[in-house]
1. How do the pairs read when you match residues in the range A:283-309 that are within 8 Å of chain B (Cβ to nearest Cβ) with residues anywhere that are charged (D, E, K, R) and buried (at least 21 other Cβ atoms within 10 Å of the Cβ), using Cβ under 6 Å and keeping only pairs 6 or more apart or on different chains?
2. Are any residues in the range B:65-85 touching a His at 6+ places or on another chain (Cβ under 7 Å) and buried (at least 19 other Cβ atoms within 10 Å of the Cβ), and if so, which ones?
3. Quick one: would you say residue B:106 is within 14 Å of another protein chain (Cβ to nearest Cβ), in contact with a Gly (Cβ under 9 Å, 6 or more places away or on another chain) and at positive phi?
4. Can you tell which of B:59, B:46 is under 18 Å from the mean Cα position of the chain (by Cα) and in a strand (DSSP E or B)?
5. Taking the range B:241-264, which residues are of a type outside the set (Gly, Ala, Ser) and within 14 Å of chain A (Cβ to nearest Cβ)?
6. Taking interchain pairs and intrachain pairs at least six residues apart, which have beta carbon atoms under 6 angstrom, with the first residue in the range A:208-234 and more than 14 Å from every other protein chain (Cβ to nearest Cβ) and the second basic (Lys, Arg)?
7. Being within 20 Å of the chain's Cα centre (by Cα) and within 13 Å of chain A (Cβ to nearest Cβ) is the filter; apply it to the range B:265-276 and report the residue that is farthest from residue B:299 (Cα to Cα).
Amino acid sequence: MPRPNPATYGTSVTKPADFDDFWANVEAQAARMPLNATLTPVPMRSTPAVEVFEVHYDSLDGVRIAGWYCLPRQRRQPLPAIVVYPGYISEPTLPKNLAAQGYAAFGAAPRGKLRSNGQFNPGYPGLLIHNILDSNTYGYRGFYVDAWRVIDFLSEQPEVNVNRIGVTGGSQGGALTLLAAAMRPQIAAAAAAAPYLAGMMDAAQLTHTTPYAEIVEYLRLYPEREPQVRETLAYFDCINFAGRIRCPIIVNIGLQDDVCPPETGYAVFEAIGSRDKKLYAYDGYGHDANAYAHGAVIDAFFREHLQNA
Amino acid sequence: MTAPSDRPADFDTYWNAVQAELAKLPVNAELTHLPLQSNQHATVYAARFTGIGPYRLFAWFSVPVGEGPFATVYQLPNYGSVVHVPAYEVRQRYVVLALRHRGQRLSDQPYAAAYPGLLTDGIEDPAGYIYRGIVADCLRGMDFLLSRPEVDAQRIALAGNDLALITAALRPQASALHCAPGLLYNASALAPRTSAYPLEELNDYTRTYPVQTAQMARTLSYFNPLHFANRVRSDTLLVTGSAQDFFSPAILEPLAAGLGGPVTRYESAHSSYRDGVQQAEWLSTHFGYSTPILPAQWQV
């Protein structure tokens, strides 16, 4: 039987009535905690063209977060900046290539990633269902804050043009791209690939592939907990954040994506609040979302919005 | 970009010693049932067994429901700290072992790998290079499989990068090899031509320790898949990039030509869907099944 058109699938995600209050409270908690950022040069990873620093900063619940920060040695200040968010299992990017193109480039490592896992380490698999019955302690609560506090860090750096900050990433990195764009309105441009953490309960119906398999497996063992799981995830679903996004944004998805089903990609794109938004839906591609060719589209998009604007 | 002359004179001696060291250690496997990952199609275990050091290793071990022994897929680890639980569809048909080598999560006590950093850890000395132990871990995974009654020892396929090829060479019991090289193949010669990790780690290393460049190249020569190729007898599918890619067909042709068994060359479609279907179909055909089991999104 042919698959139904993923573009018309829709979503079962609903927005909790206190969604905005929930996140305002989280933000207020985080705001009481200064970043206390430190930058440590990493000569071994630096090159004649690019300086590399290891960054640490404080985040929600007092968790110390790491990241890679790369700067072009020859720079016209202030610099446009790009944050690269990591996938679920991938290691944080060390974005020397972006620094070589003239950006202040940050490779984020939210809690649980290597170098940010001393105080929080649910593991892989594990993160997606960590404390999934309680929105106030769910693993992604602090993880999300870690991701968008990168923007706060960049905003403190004298070499960064705070009006030209871009965000990008694929899969979980695509989700964090959407979330940062929603929660930090100073972001000037966003490019999200194959976004994860969108339409999560729908995805668990559509695929058996990890990471969503973690939800499938959890509910197979504990089917009676489905309402609570759905309730928690509603606070964390990108679809419920997407209406806040106002910056220019591009999203690419693969129509044969078995990891983040295209139905969910369409749904979150539909919810994005930006007027300037464009979807690239690639037939014949899976979770890679045609990254091989689409990279050039992203490069041109950031050149237009961060360098030539 | 071949490096035939860099095969160390004591290459065989080196690897015979590694294998002898491994053979002295019993596998001492321990299986723990994982209800969360198990389902109506397959039972999943946390497998723990011992590698050289001695070092306790972790792997996902999945066994289809039903009467075995089963055709088996051994998934060798890629470069990164996490190895996923084997895919739902693969688990339905095959016994699957997915190893987390020393340094990767759940095999990270007492040694936790750094990324970047793993590729050059101990690279000054072939005897102390971390990949000596990692290769031995991969061999130990095969030893574990061969000890299991659920495994059809005549039908074991290896899948992965350079580590899969090296394992096929040193554990000839594997009947099939699906290999996408890109880590250790001619690494010291190729690294200066890229700034992409993980090979960039080698450039970071030589920039920082230029006097160690020759020693680094010497150590890597013990791990070059090119020098293992003629020992591979299994039915092999070798995945390459496109002509314009770093690991192009031309770059990898010496490896393909050097393989000791039948080889099929496959140029990546740069699509996880199309490449995934290709791999599933190739394995299915090798094991005599008429069709692969595919995710719903891949079914047309």
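We did not get these values from a lab; they are worked out from the coordinates using the rules stated. Computed from a predicted structure; not experimentally measured. Positions of Cβ are backbone-derived with ideal geometry, glycine not excepted, and every protein chain shown enters the neighbour counts.
1. As it stands, the answer is A:286/A:257; A:287/A:257, since those pairs meet every condition given.
2. Step one: filter the range B:65-85 for residues touching a His at 6+ places or on another chain (Cβ under 7 Å), giving B:65, B:77.
B:77 - this is the single residue of the range B:65-85 that is touching a His at 6+ places or on another chain (Cβ under 7 Å) and buried (at least 19 other Cβ atoms within 10 Å of the Cβ).
3. Judged against the criteria, residue B:106 is a match.
4. From the options B:59, B:46, the qualifying one is B:59.
5. Filtering the range B:241-264 for residues of a type outside the set (Gly, Ala, Ser) gives B:244-247, B:249, B:251-255, B:259, B:262-264.
Result: B:244, B:245, B:246, B:247.
6. Note: no pairs meet the criteria.
7. Residues of the range B:265-276 that are within 20 Å of the chain's Cα centre (by Cα), as a first pass: B:265-268, B:272, B:275-276.
From what is left, the residues that are within 13 Å of chain A (Cβ to nearest Cβ) are B:267-268, B:272, B:275-276.
Working: B:267: 21, B:268: 19, B:272: 14, B:275: 14, B:276: 12 Å.
Ranking the candidates gives B:267 first.
Condition check ((1) away from chain B (no Cβ under 14 Å); (2) under 30 Å from residue A:68 (Cβ atoms)) across all residues:
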position: A:15; (1), (2): yes, no
position: A:23; (1), (2): yes, yes
position: A:35; (1), (2): yes, yes
position: A:39; (1), (2): yes, yes
position: A:43; (1), (2): no, yes
position: A:46; (1), (2): no, yes
